[in-house]
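Nothing in this text is a laboratory measurement; each read-out follows from the coordinates by a stated rule. The model shown is predicted, which means the values in this text are computed figures rather than measured ones. No Cβ is skipped: glycine too gets one built from the backbone with ideal geometry, and neighbour counts run over all protein chains shown.
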Amino acid sequence: MEFALIPLSHSLIFGMRTIDMDSSVDSARAVAAIARIDAVPTLLKVLCEMTGMRIAVVARVTETIWTACAIREDVPFGLKPGMELPATTAFCFDSSASRAPIVIEHACEDPRYCHHAAPKRYQIESYVSVPIICTKGDYFGNLSALDPKPVKVTPRILSMFNDFAALIALQLEYSLLERTIEGELIPAAIELGLGVTPVRL
């Protein structure tokens, strides 16, 4: 008897909380959840190559804390998985509040952000950030890229960010469902002598 991962369209996924990363769960769980997604390093590499921005990050964002979960740095910036910053000092705080992308091509010439503390504090000029939102509307954090130099951001590039963020959200849901199945249903089935074998998809 095989036990396969249930597709996202199956009704079970809508009966669960897709992402359970509330304030009671520390940053380590968020970092571990992203680390289980094998595609993330490749996605960050592609973002850097396609945008010309040399830093890309998947971050968990709460009302108070921004946590780096996965990083690609083609220029030294000093980010490490698990590193935390006050959310209010990061651009993505605005994105989390609005659930909308942020695009900054040249911060010091952008009237919306030229006086923002983040460009000066972190010495960045270009920045793109899109929210990672799961199917039930749960907000996990942001997929971002940034660079100390100005970068032109085309609609095609922004669309790629949105697609990658949606893919990460989907994989987070699959990972949670898989771990729920294997952690709860499979041991129960084994206890009943059903000989269930998990199928890795």
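Run down the lysines and flag those whose C-alpha is under 28 Å from the C-alpha of Lys149, throwing out any fewer than 8 positions away in its chain.
Within the straight-line cut-off, Lys149 pairs with Lys45, Lys80, Lys120.
Mind listing the long-range amide H neighbours of Arg54? Cut-off is under 5 Å, sequence gap 5 or more, other chains count too, H placed in the peptide plane at 1.01 Å from N.
Under 5 Å from the amide H of Arg54: Leu146.
Using 0.36 nm times the number of residues separating Arg121 and Phe77, minus their current alpha carbon distance, what extension gain do you get?
14.6 nm
Calculate the spin-label point distance for Met50 paired with Asp163, positioning each point 7 Å from the Cα along the beta-carbon direction, and give it in nanometres.
0.5 nm
Counting other Cβ atoms within 10 Å of each Cβ, which trypsin sites (Lys or Arg not before Pro) in the stretch 114-158 have at most 13 and sit in a DSSP loop?
On the way: sites: Lys120, Arg121, Lys136, Lys152, Arg156; in loops: Lys136, Lys152.
Here the sparse-neighbourhood loop sites are Lys136, Lys152.
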